[in-house]
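Remarks on the structure that follows.
Every read-out reported here was derived from the displayed coordinates using simple, explicitly stated rules and does not represent laboratory data. What you see is a predicted model; the values in this text were computed from it and never measured. Using ideal geometry, Cβ is built from the backbone for each residue, glycine included, and neighbour counts are taken over all protein chains shown.
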Amino acid sequence: MEKKHDFTIRIGCAEDVPAALELIQELALYEKAPHEVEVTIDSMTRDGFGTHPLYNMWVAEMQGKIVGISICYIRYSTWKGPMLYLEDLVVTENLRGKGIGKALFLTSVQYAQEMGFNGMVWQVLDWNTPAIEFYKYFGAQLDPEWINGKLNRKQIDSLLAQ
């Protein structure tokens, strides 16, 4: 466990999932897509802390309360090899700018290094200036050339039913 100012960064556990989901919902509201959150406490607990965990989670804790999360998983690049994918980095809005996000980000970066990954990647919305500036602070490359593609569950089911 690493102490930073008046918060602590530690590896997350199943008991942290309800607070993590609250932060995810806060982020979705900020990103103008609260209706997009489909995960539940049960699915996040199963997927992160079950027999075959699909993600890693670090939490920032302040006075016994979870105030930030970093959720990552392994991504394999056919060009670069194993990479760490940063799915979400969230700090509750009223505590942003206090070094919590930086500590969570650097914990994720350190994990990528310890695991011998060839890099770390993530996405940021093009209108999210505070997040863009946050990542630029670390010297991150933000690539405007790639367009994200996706199919949701309904589209997958429909496509395969044809």
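Could you give the alpha-carbon Rg of the range 60-145 over 2.2 N^0.38 Å, rounded to two decimals?
Details: Rg = 13.5 Å, N = 86, 2.2 N^0.38 = 12.0 Å.
That works out to 1.13 for the range 60-145.
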Hey, got the dipole for the range 2-161? About the Cα centre, +1 on K and R Cβ, -1 on D and E Cβ, debye to the nearest 20? 300 debye
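Ignoring GluC sites (Glu not before Pro) that are buried or in helix or strand per DSSP, and keeping those with at most 14 other beta carbon atoms within 10 Å, what is the longest stretch of the chain between them?
Values: sites that count: E31, E38, E145.
That would be 39-144.
Just to confirm the filter: which chymotrypsin sites (Phe, Trp or Tyr not before Pro) across the range 26-122 are DSSP coil and have at most 12 other Cβ within 10 angstrom of their Cβ?
On the way: sites: Y30, F49, Y55, W58, Y73, Y76, W79, Y85, F105, Y111, F117, W122; in loops: Y55, W79, F117.
Sparse-neighbourhood loop chymotrypsin sites (Phe, Trp or Tyr not before Pro): W79.
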Karplus-derived 3J(HN,Hα), 6.51/-1.76/1.60, for each residue of the range 131-141, Hz, glycine and proline x: 5, 4, 5, 4, 5, 5, 3, 8, x, 5, 8
Which far-off residues, 5 or more places away or on another chain, put their amide H under 5 Å from the one on V67, with H placed in the peptide plane? A60, E61, M62
Please report, to two decimal places, log10 I(q)/I(0) for the chain at q = 0.18, 0.20 Å⁻¹ as given by the Debye formula with identical point scatterers on the Cα atoms and no solvent. -1.33, -1.60
Diffing the range 104-114: the Karplus 3J(HN,Hα) column from phi (6.51, -1.76, 1.60, θ = phi - 60°), in whole Hz with x for Gly and Pro, holds 5, 4, 5, 5, 5, 4, 4, 4, 4, 5, 4
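Report the semi-axes of the equivalent ellipsoid for the range 1-80 in whole Å, largest first, where each axis is √(5λ) for an eigenvalue λ of the Cα gyration tensor. Walk me through the intermediate numbers first.
Working: eigenvalues 87, 66, 41 Å².
Three semi-axes, in Å: 21, 18, 14.
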Could you derive backbone 3J(HN,Hα) for the range 39-54 from the dihedral phi with the Karplus parameters 6.51, -1.76 and 1.60 (θ = phi - 60°), listing whole Hz in sequence and x where the residue is Gly or Pro? 5, 10, 4, 5, 5, 5, 5, 4, 6, x, 9, x, 4, 10, x, 9
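Please work out how much length the chain gains when fully extended from I156 to T51, using 0.36 nm per residue of separation minus the C-alpha to C-alpha distance, in nm with one decimal. Numbers along the way, then the final one.
On the way: separation 105, 0.36 × 105 = 37.80 nm, distance 2.58 nm.
That works out to 35.2 nm of additional length.
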With n ≥ 4 as the cut-off for DSSP H runs, can you work out [θ] at 222 nm for the chain, using -39500 (n - 2.57) per run divided by the number of residues, rounded to the nearest 500? -10500 deg cm²/dmol
Among W127, V39, A112, which residue has its Cα positioned farthest towards the positive end of the charge dipole of the chain, with +1 placed on the Cβ of Lys and Arg, -1 on the Cβ of Asp and Glu, and the dipole taken about the Cα centre? A112
